[in-house]
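Here the structure is laid out as structure tokens; the discussion comes afterwards.
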Amino acid sequence: MNILHHLSLPLFNMRKADHRQPAESAGYKICLVRMFFTLFTITFASTEEATALLKWKATFKNQNNSLLVSWKPSPDACNDRYGVVCFNGRVNRLNIRNASVFGTLYAFPFSSLPFLKYVDLSMNNLFGTIPPEIGNLTNLIYLNLSVNQISGTIPPQIGSLARIQALHIFENHLNGSILEEIGYLRITDMKHNNLSGTLPTTFSIGSALRSFNLDGNKLEGKIPQFLENCQQLEVLDLGDNLLNDTFPMWLGTLPELRVLSMRLNKLHGSIRTSGSEQMFLELRIFDLSRNDFSKNLPTSLFQHLKAMRTIDQTSKEPRYLGDSYYHDSVMVSSKGLELELLQILTIYTTIDLSNNKFEGYIPSIMGDLIALLVLNLSHNGLQGHIPPSFFS
């Protein structure tokens, strides 16, 4: 039996066997040429991306990183490399979270990865600053540099990334002010840094902001009323800062607000609500502890809080605030201990007004909050007895 070892059919030697019309044959050839050119372009781009990633890895202080052993010389950046995900032959996602990376971002191939949409470098040992070249990642949607040793200021180039929706840079050593452009993001988590200055005021009507966490910084000034434009806002955590203001009752008009934490600031005065019945309808976590609020407890506020008045018995599985990319977190106090809820159960409810200057009696209407799990009114000037409604 004869075995075919080689078959060569060059495109321009097939004319005798091609019975199609000249125009159709020419179109077929053009299509093949375009396909070849596209394949060549993708292959060339993939090779460039592979080389660029290896150059960045070469700057790591720990070259024997076991998780990145798959990052070997190869013309294909998409060839089974740990944490690298491609789409149409181009690097689309880079997820080397908690991979023991010890190095900087200075040699990161920002300009060589134009199709990169998702970057997660969190929980490593990255140090140094965030290079301005990060602005070259024009398709970036998600950026997570959290839990590292990154210092310096937030480069303004991040604010020019038109498609970015989620920015997580918490637990670093960042300083300076917050970019005004942050108001256009969907999720912003910058907690536990050294950021200073005032809160941005660029929260325009129609803002898509859903989660805004700045806990544990050095922010001062007032709470901008422009936040009431963020009608999709679910989580607002401004705790452990230097904010000096009265209680922003206008936040009660936000229809989706579930978590409001302003603990450990310099907020003061009495808490008064409007006559509207549509106030804080979805609020589940309410923390104003360790401020300078005074006068009586806000009875009119407790008349609202619809989500704390009913118990959801339809949900059979635990649900958390957040989405597939991100779970919201918040600091709470329980039995004298500070705890960080890394994920927030939708059924978790708490009111913490401790360590203020409230006086008078505990309103009996608080007993109507039957879904309330944790109530802390300690270290105030309250008097009287616990209302009987608490036991019914």
Item checked: Least to most buried among Arg272, Arg263 (fewest other Cβ within 10 Å first) -> Arg272, Arg263
Margin query: For region 108-150 and region 183-240, what is the centre-to-centre distance using only Cα atoms, to the nearest Å?
Written below: 22 Å
Next item on the list: Mind running the shape call on region 84-204? Use the C-alpha gyration tensor, a ≥ b ≥ c as the square roots of the eigenvalues: rounded below 1.5 for a/c, prolate if a/b tops b/c, oblate otherwise.
Entry: oblate
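Since every read-out is calculated from the coordinates, none of them should be taken as a lab result. Just so it is clear, the model here is predicted, and its values are computed rather than measured. Note: ideal-geometry Cβ built from the backbone for every residue, glycine included; neighbour counts use all protein chains shown.
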